[in-house]
1. Which whole-number percent gives the relative contact order of the range 62-105, counting Cα pairs below 8 Å spaced six or more residues apart?
2. What does the net charge come to around residue 88 if you take all other residues with beta carbon closer than 14 Å to its beta carbon, with K and R at +1 and D and E at -1?
3. Keeping the other protein chains in place, figure out the carbon and sulfur percent of the accessible area of the chain, with a 1.4 Å probe.
4. Identify which of the listed values of volume of the Cα convex hull per residue in Å³ was calculated from the structure shown: [x] 195; [y] 105; [z] 120.
5. Net charge around residue 105, counting only other residues with Cβ within less than 10 Å of its Cβ (Lys, Arg = +1; Asp, Glu = -1)?
6. Accessible area, 1.4 Å probe, largest first: how do 59, 99, 40 sort?
7. Under the rule that a partner needs its Cβ under 4.7 Å from the first Cβ, which Cys of the chain have none?
8. For residue 18, list the lysines whose Cα falls under 18 Å from its own Cα; do not include residues on the same chain fewer than 8 positions away.
Amino acid sequence: MAENIQVPTMAQFMAEGKAPEVLCWVGCMGSFDDRAKKVTKAFVRLLIRSNVEFAVLGTEESCTGDPAKRAGNEFLYQMQAAGNIEVLNGYEIKKIVTTCPHCFN
């Protein structure tokens, strides 16, 4: 049975004048890889059951740039990192959790 989990975005929280305790950074693998999607969904269920107020960036989330950096493309990494920093600072994010080791780096 497929479970449809509705997770609020940071934009939705901000529109209500609220800020969640945690940002859940999904990452590329958690969004596109079938096995990693299962991990992401399980982690979200844990956050919900633990009564952690959290949100995702949704379409505002971009690649962290880790793959570009590992491939030696420092310029692309710096561009992606700068974009993410701008988004995170705009929401005044204090805590980030992720299930992706590459995004963690």
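1. On the way: 24 pairs, mean separation 18.0, N = 44.
Reported relative contact order: 41 percent.
2. On the way: positive: 94, 95; negative: 60, 61, 86, 92.
Residues near residue 88 contribute -2 overall.
3. Numbers: 4070 of 7210 Å².
Roughly 56 percent of what the probe reaches on the chain is carbon or sulfur.
4. [y]
5. On the way: positive: 69, 70; negative: 66.
Computed value for this residue: +1.
6. Descending accessible area places them as 59, 99, 40.
7. Lacking a cysteine Cβ partner under 4.7 Å: 24, 28, 63.
8. 94, 95
The values are calculated or read from the model by the stated rules, or taken from the named source; none is laboratory data. The model shown is predicted, which means the values in this text are computed figures rather than measured ones. As a convention, Cβ positions derive from the backbone with ideal geometry for all residues, glycine included, and neighbour counts pool all protein chains shown. Ligands, DNA and RNA are excluded from the accessible area calculation, which covers all protein heavy atoms including side chains. Shrake-Rupley method; radii C 1.70, N 1.55, O 1.52, S 1.80 Å.
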